[in-house]
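Before any comments, here is the structure.
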Amino acid sequence: MPERFLVAEDDPPLRLVGLALGAPLDARMRGALARFFLGDPEASLVRLRAIADEVGVAGDVVPALATGDPLETQLAGVHYLLVEGAEVTDAVLARGADLRFVQKHGEDARNIDVAAAVRRGIPVARLRRAANSSVAEQTMLLLLAVARRLLPAHAAAVRPTGDVARGESSYNWPRLDGMRSVRGMTIGLVGLGEIGREVARRAAAFDMRVLYTQRRRLETALERTLHAEFRPLASLLAESDVVSLHVPLGPDTRTMLGAAELERMRPGAILVNTSRGGLVDEAALIAALRSGHLGGAGLDVRAEEPPRDAAGLAELPTVVLTPHVAAGVGADLMADVRTVLENVVRVRRGERLESYV
């Protein structure tokens, strides 16, 4: 009897594992492959399935959950369960008589009753998603590009002007001012989920002080591990040299940074957004930048994509824009698929899992 896999959520990066194992390519995933891999979806599908062949994993993929269907109703005969945010409770696990392994598509496994899984002899593994690391890298790139005035520096380097004497070495020959070091700055992270934590690790490596805000404060031990201090949003805005957004867009967060919130930010502060453009009132942001209250902005996302009129932000010398590319390249997603399938092989062999919980 073939082994059975349940990809429990309609999340395109998670569903790539199902495609690798032979799940049919529907319209939603065809579009996702075109976006993720910038080419022919069929060719990308061949590459995904080649990974499963190379790793040596095959099986049947249970059809994705219909909206609202309880997870436990889908577990009959399932050997491997792949989830992102779905709640995997003891009651759910009790219905998985054949369940051998639960793979969490992410690092935060709070949605899984790990203790119950351990009691039932079901190993659980997390995945440090490559896309999350990529977003964190883009966040730091944008921060550094704004702080170090990368775009004006590049323009000056490729189009030298002025009458500065030429020599073998001439420090800052364009006489650029306003460059800042991030060492010692305070970065305020709005949201300390998986991406926010990746940013916190990188910011700490740059000797930055890390503040964060979110609905639920983290456990003290995790705060210590991340070198992060909790603040209410208003305090975070007032204390931070850099504010970076890492929350989803929804009714409660749309334009969460409006004119009043931007005004609370420290004079000269930098705003970085690699989450969703709708979190920020763009008109208010432009006004805060033009007035000089804010020192700059690094934006990978916009309220509308592509924007109908990019001139308002693009014309400002303190702004760096990228076109929603922070999540990275297809190779990262392929690497995640390989990691998950290699964990399946480890379970079969009784070996220790990658990122075992």
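Each value in this text was obtained by applying a stated rule to the coordinates, not by laboratory testing. These numbers were taken from a predicted model, which means no experiment stands behind them. Quick reminder, even Gly has a Cβ in these numbers, built from the backbone with ideal geometry, and neighbours come from all protein chains shown.
With Rh defined as the Kirkwood radius, the inverse of the mean 1/r over Cα pairs, the Rg/Rh of region 230-344 is 1.06. Scanning the chain for DSSP H helices at least 30 Å long along the axis (C-alpha atoms) with a Kyte-Doolittle mean no lower than -0.5 picks out nothing.
Across region 5-63, the volume of the C-alpha convex hull divided among the residues equals 71 Å³ per residue. Here, region 141-214 has an Rg and a Dmax of 16.9, 53 Å when only alpha carbons are counted. Kirkwood radius, region 22-135, all distinct C-alpha pairs, inverse of mean reciprocal distance: 15.9 Å. Taking other C-beta atoms within 10 angstrom as a stand-in for reagent exposure, HIS105, HIS293 fall in the order HIS293, HIS105, fewest first. Annotation: amide H of ALA297 within the under-5 Å range of LEU271, VAL319, VAL320, sequence separation 5 or more or interchain, hydrogens built in the peptide plane.
Taking region 138-283, how much of its Cα-Cα pair set, in percent, is spaced more than 23 angstrom apart? Of all Cα-Cα distances in region 138-283, 41 percent exceed 23 Å.
Within 10 Å of each residue's Cβ, count the other Cβ atoms and sort ASP113, ASP10 from fewest upward. Mind dumping the intermediate values first?
Numbers: ASP113 20, ASP10 14.
Ordered by Cβ neighbours within 10 Å, fewest first: ASP10, ASP113.
The ratio of the alpha-carbon radius of gyration of the chain to the globular-protein estimate 2.2 N^0.38 Å is 1.13. A helix-only calculation puts the chain at -11500 deg cm²/dmol for mean residue ellipticity at 222 nm, using -39500 (n - 2.57) for each DSSP H run of at least four residues, averaged over all residues.
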